[in-house]
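What follows is calculated from the coordinates using simple rules that are stated; it is not laboratory data. Being a predicted model, the structure only gives us computed values, none of them experimental. Positions of Cβ are generated from backbone atoms using ideal geometry, with glycine treated the same way; all protein chains shown enter the neighbour counts.
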Amino acid sequence: MKLLYTKRSPYSRKAQVMALEKNIPLEWVEEDLIRKSPQLLEANPLGKIPALILDDGQSLFDSPVICEYLDSLNDTPVLIPSAQRFAILRWQALADGLMDGTVAMYLEKIRHPQDFNPKFLQNQENNCALVLRYFEEHLSELADFSLASISVACAVDYINFRFPHLNAEGMYPKLQAWLTDFSKRPSMQNTVPTN
């Protein structure tokens, strides 16, 4: 199987961490989202990553679907246990929403470096603060290793990568300590975003 990805995508990273934790071999194929390859456009007509190309040529996208599929391949470990399924998927949705807002801020600044929309950016930063505060206050719900904790770690680490001022030292101390510990996992260390 091939995972089409970029080194900076928190969505791709989530799928990569899932595969590494479950010992599922994937060929990682880096994509250029400015010059999208025919392989990417065939795998996902939206031209978005991640996209997973299965051994039979079929493809799956985007990260929630890929993560569900990867979890179905083996049970070592089960990262979306049925008893907590909807709680875990809810956490994933919240973390993905945080990623969406952070990516939108980054794209706004890239596309309009001189005349970006300050109100839009402030609204997104306010949303990020609300979500980070929620994470800080509900960390006990992430005690078990699952897709929920993977999703939150990838989202918060992406903020640290793109907008570190939103998660400066001391702002969310419990969350930062949790992420520092979680980031010691080899799957996280092998997928650190790079420019």
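Treating r as the C-beta distance of Arg90 and Asn190 and R0 as 35 Å, the FRET efficiency rounds to 0.80. Given a cut-off of 28 Å, name the pairs among Lys2/Lys174; Lys2/Lys119; Lys14/Lys36; Lys109/Lys184; Lys7/Lys184 whose C-alpha atoms lie farther apart than that in the structure shown. Those over the limit are Lys2/Lys174; Lys2/Lys119; Lys109/Lys184. Phi angles across the range 28-44 convert, under the Karplus curve 6.51 cos²θ - 1.76 cosθ + 1.60 with θ = phi - 60°, into 3J(HN,Hα) values of 8, 10, 6, 10, 10, 7, 7, 10, 5, 6, x, 4, 5, 5, 6, 6, 9 Hz, Gly and Pro given as x.
Expressed as a fraction of 2.2 N^0.38 Å, the rule-of-thumb size for a compact globular protein of N residues, what is the C-alpha radius of gyration of the range 82-185?
In units of the globular-protein estimate, the range 82-185 measures up at 1.11.
For Asp115 and Arg8, the FRET efficiency from 1/(1 + (r/R0)^6), where r spans their Cβ atoms and R0 equals 30 Å, is about 0.80. Roughly how many nanometres apart are two label points built 7 Å out from the Cα toward the Cβ at Met171 and Glu108? Each label point lies 7 Å from its Cα, and together they span 1.5 nm. Across the range 82-88, rounded Karplus estimates of 3J(HN,Hα) from the backbone phi angles (6.51 cos²θ - 1.76 cosθ + 1.60, θ = phi - 60°) give 4, 5, 10, 3, 6, 5, 5 Hz, Gly and Pro being marked x. Only Cα pairs under 8 Å and 6+ residues apart enter the sum, and on that basis the relative contact order of the chain stands at 26 percent.
Our coupling estimate for the range 175-190, obtained by passing each phi through the Karplus curve with A = 6.51, B = -1.76, C = 1.60 and θ = phi - 60°, is 5, 5, 5, 4, 5, 4, 5, 4, 6, 6, 4, x, 4, 6, 5, 7 Hz, Gly and Pro reported as x.
In summary, the convex hull built on the alpha carbon positions of the chain has an orientation-averaged projected area of 11.2 nm².
Quick one: net charge around Tyr69, please, counting Lys, Arg +1 and Asp, Glu -1 for every other residue with C-beta under 15 Å from its C-beta. Result for the local shell: -3.
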